[in-house]
Amino acid sequence: QVQLVESGGGLVQAGGSLRLSCVVSGSIDRINAMGWYRQAPGKEREFVALITNDDGSTTYANAVKGRFTISRDNAKNTIYLQMNSLEPEDTAVYYCNVVGIYSYWGQGTQVTVSS
C-alpha cells in the first residue's frame, strides 16, 4: 500500500522559512515525477513545484519561483519543499503528489503565514 506522509507545516511570520517533507512508502511503478500542490481556503488546488524522476529537472509556479525549492532524497524516499521569503498569500494546505502509472496524494500539511 502506497502512503505519502507530509510534515513540516506550521505558523510562521511573513519573510520566514519552512521546509516541508514528504515520506513515500510502498511500491510505486514507473515514477515519472514528484511534486507539491497547495489549496487555500475557498480556492482550488494549485500546482506549486515539480521534480522529474529521470533527470531531476524542476518546474515552479510563477508565484513561488525564486522563493521555493523542491528536492528529493531517493535513499530516504523523501521529497522536500524549502520555502523562503514566505508571504501571507502562501497560506494553504500543502499536498505532496507522486505520479507513476497512478497519481498518489498525501493528506496535506497546513502552512499559515502571518503578516
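The values are calculated or read from the model by the stated rules, or taken from the named source; none is laboratory data. For clarity, every value in this text was computed on a predicted model and none was experimentally measured. Here the Cβ is made from the backbone with ideal geometry for all residues, glycine too, and neighbour counts use every protein chain on show. The accessibility values were calculated without ligands, DNA or RNA, using every heavy atom of the protein model including side chains. Shrake-Rupley method; radii C 1.70, N 1.55, O 1.52, S 1.80 Å.
Find the all-direction average of the projected area of the Cα convex hull for region 24-115, expressing the result in square nanometres with one decimal place.
Averaging across all directions leaves 6.3 nm² for the Cα convex hull.
Using a 1.4 Å probe over the heavy atoms of the protein chains, calculate the carbon and sulfur portion of the accessible area of the chain as a whole percent.
Carbon and sulfur together cover 46 percent of it.
Between L86, L11, L50, find the one with the highest GNM mean-square fluctuation for the chain; connect C-alpha pairs within less than 10 Å.
L11
For region 38-73, which trypsin sites (Lys or Arg not before Pro) are both in a DSSP coil and crowded by at most 12 other Cβ atoms within 10 Å?
K43, K65
Restrict the search to region 21-112; then list the chymotrypsin sites (Phe, Trp or Tyr not before Pro) that DSSP places in a loop and that have at most 12 other Cβ atoms within 10 Å of their Cβ.
Loop-located and lightly packed - Y102.
Accessible area per residue, 1.4 Å probe, Å², for the chain: what's the number?
So the chain comes to 54 Å² accessible per residue, rounded to a whole number.
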